[in-house]
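Notes follow the structure.
The values are calculated or read from the model by the stated rules, or taken from the named source; none is laboratory data. None of these values were measured; they are calculated from a predicted model. We place every Cβ from the backbone using ideal geometry, glycine too, and count neighbours over all the protein chains shown. The accessibility values were calculated without ligands, DNA or RNA, using every heavy atom of the protein model including side chains. Shrake-Rupley method; radii C 1.70, N 1.55, O 1.52, S 1.80 Å.
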Amino acid sequence: MTAVAASSTPGDNVGEVAVALTGITKRFPGVVANRDISFAVRCGTIHALVGENGAGKSTLMKILYGVQRADAGTIEVAGRPVVLHSPSDAIKAGIGMVFQHFMLADNFTVLENVVLGAERLHGIGDRARDEVRRISGAYGLNVAPDVLVADLGVGDRQRVEILKVLYRGARILILDEPTAVLVPQEVTELFDNLRALTAQGLTIIFISHKLDEVLSVADDITVIRRGTTVATLDPTGVTARELAELMVGSSLPTPATDESTVTDRPVLAVQGLSVAGAPGEPALLDDISFTVHAGEVLGIAGVEGNGQNELVEVIMGMVEPAGGTVELAADGVMVDISDWDTRRIREAGIGFIPADRHRHGLLLDAPLWENRILGHQTQAPNVRGPLVDARSAQEDTRRIVQEYDVRTPSIFVTAASLSGGNQQKLIVGREMAHLPRMLVAAHPTRGVDVGAQAAIWGHLKAARREGLAVLLVSADLDELIGLSDTIRVILRGRLSGPFDPDTVTARELGSAMTGAGGDDPEAGSPEGQEVPR
């Protein structure tokens, strides 16, 4: 295998079929993930694949990348049948995949990450470095080979992932939710990169739940519903709402106009919160202060790695602050909980939707009903006296599965068997089941489809009307603007804002998140200023 080279006649194969899937069927115990799926992807195009959580997209792409074998059906690449037993077979066939969760070693350079596992192509020295520079320049990726990955932003890391598959000779790229953690400016840059790739004759399969982005970048769109293909469409002839309705198989309700539910009753107050960095490094959190009131959603926007994870972990008792306090309302009095452990904080009425559902939200090898207990082992309906009440926990798990539309054949299957979006819906349902007074929600709709997102938003808004206070940490600016009463931006461990979601634009927030509007983290509205609603 040789590394990819720019085509001498860019785009001259457009219209030919790069990859065709015919009659793909895949069954698992109790469920048919894919049923007779067929569609073709044209060379030199961006082909979007959309569908609800559990519709079968992930399984289909795992089959195309050789991670799983189909029970029936055929795959053709450039008109030739292929049998893909492993990702190595897929790579040999010119297929590469960039996963939603980056697979990079922070303590390695770009070059070391790119060549890892592919040393036989060009070695690990100057030849490999020259090849990385050539590919990066040819496709407009602009990634320096000797930079440490730890020093790169999210957008640059994604370009490194793309560079890795190009280095291995991929001509067909599968991108799974590539814009999930990007700000608007980074999305624009990514789409420019993708168009540069297709202009050189490469082919991209683009999986996303963000339908506006799909419509802006795709040449063709295939909709999958309940494990089978519904249609392949020209994006110029369809709207985001029509796509969503094809995905769910029914009309979507018209969103209601929300009225402010913010009260003057503080529920959570953070004052002067700081978390030290590594020796010689800046603080991870620097003098953070805010208050969340009953009936209020306070949104925290930020590019990952700017302190939002530490903020959440301090509030939830997972990290000890270097200074400052965290106070929670109890019987009308604010109580300092800065030194409480996580169990006590949860029992006090704080729900928690973690940013990393696999690390902090689920036991992947445990059945769904046991995951429903997780984090609430001392609370009804999970226990009766000192013992686990399995029957009650199982009954409530069935309720959550139905109410939050968790697509599963049984509450006894493992969490690992669910799609990422369905795992997320289970976590949200579990946390809301205990009627928290305060909800710390980090990326609550990451990886879920448009229908599930609307449903989760509906649950949060209904709870807010009943007095729930929410700290919403998200990189999804549509979510922040759609849900928040006030938005703050976190950059390098400090807060700017507040910003009014009724008037601020996604691009303005994106600029504040990246520091493009200036290096002063107080560049938003004056600190402490109330935002009119």
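Would you confirm whether any residue within the stretch 194-202 is over 23 Å from the mean Cα position of the chain (by Cα), hydrophobic (A, V, I, L, M, F, W, C), open to solvent by 10 Å² or more (accessible area, probe 1.4 Å) and closer than 20 Å to ILE174 by Cβ? Checked against the condition, which is being over 23 Å from the mean Cα position of the chain (by Cα), hydrophobic (A, V, I, L, M, F, W, C), open to solvent by 10 Å² or more (accessible area, probe 1.4 Å) and closer than 20 Å to ILE174 by Cβ, the stretch 194-202 yields at least one hit.
A quick yes/no check of all residues on (1) modelled with pLDDT under 95; (2) under 19 Å from ALA416 (Cβ atoms); (3) open to solvent by 20 Å² or more (accessible area, probe 1.4 Å); (4) of a type in the set (Val, Ile, Thr):
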position: THR9; (1), (2), (3), (4): yes, no, yes, yes
position: GLY15; (1), (2), (3), (4): yes, no, yes, no
position: THR22; (1), (2), (3), (4): no, no, yes, yes
position: THR25; (1), (2), (3), (4): no, no, no, yes
position: VAL31; (1), (2), (3), (4): yes, yes, yes, yes
position: VAL41; (1), (2), (3), (4): no, no, no, yes
position: ALA48; (1), (2), (3), (4): no, no, no, no
position: GLY51; (1), (2), (3), (4): yes, no, no, no
position: THR59; (1), (2), (3), (4): yes, yes, yes, yes
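If you check PRO444, PRO436, PRO501, which single one turns out to be touching a Phe, Trp or Tyr at 6+ places or on another chain (Cβ under 9 Å) and surrounded by fewer than 24 Cβ atoms within 10 Å (Cβ to Cβ)?
None of the other options fit; the residue is PRO436.
For the stretch 160-170, the count of residues that are open to solvent by less than 30 Å² (accessible area, probe 1.4 Å), among the charged types (D, E, K, R), at negative phi and within 18 Å of the chain's Cα centre (by Cα) is at least one. The single condition from (1) under 18 Å from the mean Cα position of the chain (by Cα); (2) open to solvent by 40 Å² or more (accessible area, probe 1.4 Å) that ASN306 fails is (2). Restricting GLU296, GLU370, GLU320 to those that are at pLDDT 95 or above and open to solvent by 50 Å² or more (accessible area, probe 1.4 Å) reduces the list to GLU370.
Counted as qualifying within the stretch 406-498 are the strands (runs of 3 or more DSSP E) with 1 or more residues that are of a type in the set (D, E, K, R), namely 486-491.
Looking for something touching a helix residue (DSSP H, G or I) at 6+ places or on another chain (Cβ under 6 Å), under 25 Å from GLN453 (Cβ atoms), open to solvent by 10 Å² or more (accessible area, probe 1.4 Å) and of a type outside the set (A, V, I, L, M) - is there at least one such residue anywhere in the stretch 259-278? Yes; the residues of the stretch 259-278 include at least one that is touching a helix residue (DSSP H, G or I) at 6+ places or on another chain (Cβ under 6 Å), under 25 Å from GLN453 (Cβ atoms), open to solvent by 10 Å² or more (accessible area, probe 1.4 Å) and of a type outside the set (A, V, I, L, M).
Being farther than 15 Å from GLU259 by Cα and surrounded by fewer than 22 Cβ atoms within 10 Å (Cβ to Cβ) is a property that holds for GLU479. Applying the set (1) in contact (Cβ under 8 Å) with a residue 24 or more places away in the chain; (2) in contact with a Pro (Cβ under 9 Å, 6 or more places away or on another chain) to SER392 leaves exactly one unmet item: (1). As a summary of the residue check, GLN423 satisfies the conditions (1) open to solvent by 40 Å² or more (accessible area, probe 1.4 Å); (2) within 30 Å of VAL50 (Cβ to Cβ) except for the one numbered (1).
Mind counting the residues in the stretch 77-90 that are within 15 Å of LEU173 (Cα to Cα) and surrounded by 13 or more Cβ atoms within 10 Å (Cβ to Cβ)?
Here is the first cut: in the stretch 77-90, the ones within 15 Å of LEU173 (Cα to Cα) are 77-78, 87-90.
Still in the list and also surrounded by 13 or more Cβ atoms within 10 Å (Cβ to Cβ): 77-78, 87, 89-90.
Selection size over the stretch 77-90: 5.
Residue count for the stretch 188-234, restricted to those that are assigned to a strand (DSSP E or B), touching a His at 6+ places or on another chain (Cβ under 9 Å) and over 17 Å from GLU245 (Cβ atoms): 5. Listed by position, the helices (runs of 4 or more DSSP H) inside the stretch 297-384 whose residues that are within 19 Å of GLN424 (Cα to Cα) and touching a Leu at 6+ places or on another chain (Cβ under 8 Å) number at least 2 are 368-373.
In this entry, GLY73 is excluded by the filter for residues that are at pLDDT below 95, of a type outside the set (Val, Ile, Thr) and at positive phi.
Annotation note: of LEU148, LEU166, LEU152, the sole residue that is closer than 27 Å to GLY302 by Cα and modelled with pLDDT of 85 or more is LEU148.
Listed by first and then second residue, the pairs linking a residue in the stretch 145-156 that is under 22 Å from ASP130 (Cα atoms) and in contact (Cβ under 8 Å) with a residue 12 or more places away in the chain to a residue that is part of a helix (DSSP H, G or I) and among the polar types (S, T, N, Q), with Cβ atoms under 6 Å apart and 6 or more places separating them unless they lie on different chains, are VAL149/ASN113.
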